[in-house]
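Reviewing the structure listed below.
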Amino acid sequence: MVYTEKAVTFECESDVLFGILTVPSAPVSTAVLVIVGGPQYRVGSHRQFVQLARSLATSGFSVLRFDVRGMGDSEGVKKDFEHVSNDIKAAKEYLSQTSTKIKSIVLWGLCDGASAALLYHHHYKDPQVKGLCLLNPWIRSEKSFALNTVKYYYLNRLLQAEFWKKLFNGSVSWITIIEFLKKLTLIANSKLIDFLKKISIYRKNKYGKTYQDFMDEAWVSFEGKILIFLSQKDFIAKEFRDHLVSTYAWPIKNSDKYSLFEVAGADHTLTQASARHFVEQKTIHWINSFQ
């Protein structure tokens, strides 16, 4: 299907935001809003979001990829992913008004853009949003970073004969050893704190809620469909996968509203063409299954 692309602007709290709207010749009733992650703008690493938008448009989906405030060509003060729900809302409302055929919206996010999509639902419970597509969601805390560094780096090092050779001949620096011990201490302390939180009936009032708590709540309360992609070679994806195992709030196996795929051989932003194509085709099939 052929498509057209044009630059568009819209307002968010008096700031002008900039985006690119990709429109197929025969749009279907579901449109896709791309939420970029990290210090990126609407193009994405290696033109990732350009290619995604065009692939989706060839299957009939109108797509808007945009710059949040303070990024790319958009006005305003830059905010972190925890505070862009109003930007997402402004973009979603603009997208939904571009065609009378559009009835529902899918939010498609990478990294902390995926996390921002969940936080948007937490803030607005928007009934027009029928799907969340999340690639390598950001769930990091100091504890999770330490745990995964130990699990995926230091433990691998301990299994290597070369490491022990360097240790016994004095080639391993004391700084490396001290950092390893610091992370083990942090993990132990964090697990103790988690245990104390769980046995306290005042857990939420006493300790407050984190953005991870809000993401967990959004995951459970969202009534639409959720699609997750986790890159096999991505450290952030490994952290998120461990979060799925460790928290009560992500019951993937207990509901048909969740779909999860591991992208074999993929890195964080899908630099491999085969990984990018896999995610694009799975996204298209997934949206078509419920629109």
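Whose amide H sits under 5 Å from the amide H of Ser62, counting only residues 5 or more places off or on another chain, with H placed in the peptide plane? Distant-sequence amide H within range of Ser62: Val28, Val32. When the C-alpha to C-alpha distance is required to be over 29 Å, the pairs from Lys101/Lys225; Lys78/Lys101; Lys89/Lys209; Lys89/Lys233; Lys79/Lys257; Lys101/Lys233 that qualify are Lys78/Lys101; Lys89/Lys233; Lys79/Lys257; Lys101/Lys233. Taking amide H as placed 1.01 Å from N in the peptide plane, the amide H of Ile35 sits under 5 Å from that of Trp108, Gly109, Leu110, each at least 5 places away or on another chain. Note on the stretch 1-150: Rg/Rh from C-alpha atoms, Kirkwood Rh, equals 0.98.
From the alpha carbon centroid of the stretch 214-291 to that of the stretch 90-145 is 13 Å. Put simply, the Cα atoms of the stretch 1-69 extend 34, 27, 18 Å along their principal axes, the longest span coming first.
FYI, it's all coordinate maths here, none of it is from the lab. Note that the coordinates shown come from a computational prediction; the quantities given were computed from them, not determined experimentally.
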